[in-house]
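The values are calculated or read from the model by the stated rules, or taken from the named source; none is laboratory data. Quantities reported herein were computed from a predicted structural model and do not represent experimental measurements. Neighbour counts run over all protein chains shown; Cβ positions are idealised from the backbone, glycine included. Quick note on the areas: whole protein, heavy atoms, side chains included, nothing else; ligands and nucleic acids left out. Shrake-Rupley method; radii C 1.70, N 1.55, O 1.52, S 1.80 Å.
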Amino acid sequence: MDLINRSIEIIKKFERMINTADSDLAEQLVESSAPFYTPASPEPLYGGKGYLSVVHWMRQGFSDVKWTIKDMVASEDKVAVHWMLTGTHNGTFLGIAPTGKHISVSVMNFYYINSEGKVTNDIAAEGMIGILRSIGAISA
């Protein structure tokens, strides 16, 4: 398999990992020193366990949260992913009480993949604004 197709397959497995919160898959796919940033933590979170803590944080506010790949562009060591993030705001999120509103937010991430086939970095376009608009926390 060439490196571009390998990168695409890694991100398809990554989609399964975040939607199932599979810790074994997270350890397989994410470099242990890879930093991830979230509004829930002032410090970066690291590795597969750190990435899944972001997933668990999202599930506190949206128990049915789901990420779906809409489009991908890949090179040998980078993949740009257009995600559709959906869920129902049925738990407190960033201090905002549940509204029961359904969200559907377009999110863009860039994933960097090392020679061992593990994600080493995730750069996210600002999707939080879309989430906050969807639950009525800020106006459009």
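Just give me the residues in the stretch 58-68 being more than 11 Å from the chain's Cα centre (by Cα) and assigned to a helix (DSSP H, G or I), in sequence order. Answer for the stretch 58-68, where residues must be more than 11 Å from the chain's Cα centre (by Cα) and assigned to a helix (DSSP H, G or I): Arg59, Gln60, Gly61. Among the candidates Thr38, Thr86, single out the residue that is of a type outside the set (Asp, Glu) and touching a Leu at 6+ places or on another chain (Cβ under 9 Å). None of the other options fit; the residue is Thr38. Condition first: under 16 Å from Asn114 (Cα atoms), touching a helix residue (DSSP H, G or I) at 6+ places or on another chain (Cβ under 9 Å), in a helix (DSSP H, G or I) and without any contact (Cβ under 8 Å) to a residue 60 or more places away in the chain. Now tell me which residues in the stretch 1-27 satisfy that. Those that are under 16 Å from Asn114 (Cα atoms), touching a helix residue (DSSP H, G or I) at 6+ places or on another chain (Cβ under 9 Å), in a helix (DSSP H, G or I) and without any contact (Cβ under 8 Å) to a residue 60 or more places away in the chain: Lys13, Ala26, Glu27. Taking each residue of the stretch 80-109 that is at pLDDT 95 or above and surrounded by 14 or more Cβ atoms within 10 Å (Cβ to Cβ) and looking for partners that are assigned to a strand (DSSP E or B) and among the acidic types (Asp, Glu) with beta-carbon atoms closer than 7 Å, six or more apart or interchain, yields His82/Asp71.
Applying the criterion of being in contact with a Phe, Trp or Tyr (Cβ under 8 Å, 6 or more places away or on another chain) and farther than 19 Å from Thr68 by Cα to the residues of the stretch 110-140, the residue that is modelled with the lowest pLDDT is Ile135. Checking the stated criteria, Arg59 turns out to be farther than 19 Å from Ser32 by Cα, out of contact with any helix residue (DSSP H, G or I) (no Cβ under 6 Å at 6 or more places or on another chain), open to solvent by 50 Å² or more (accessible area, probe 1.4 Å) and at pLDDT 95 or above.
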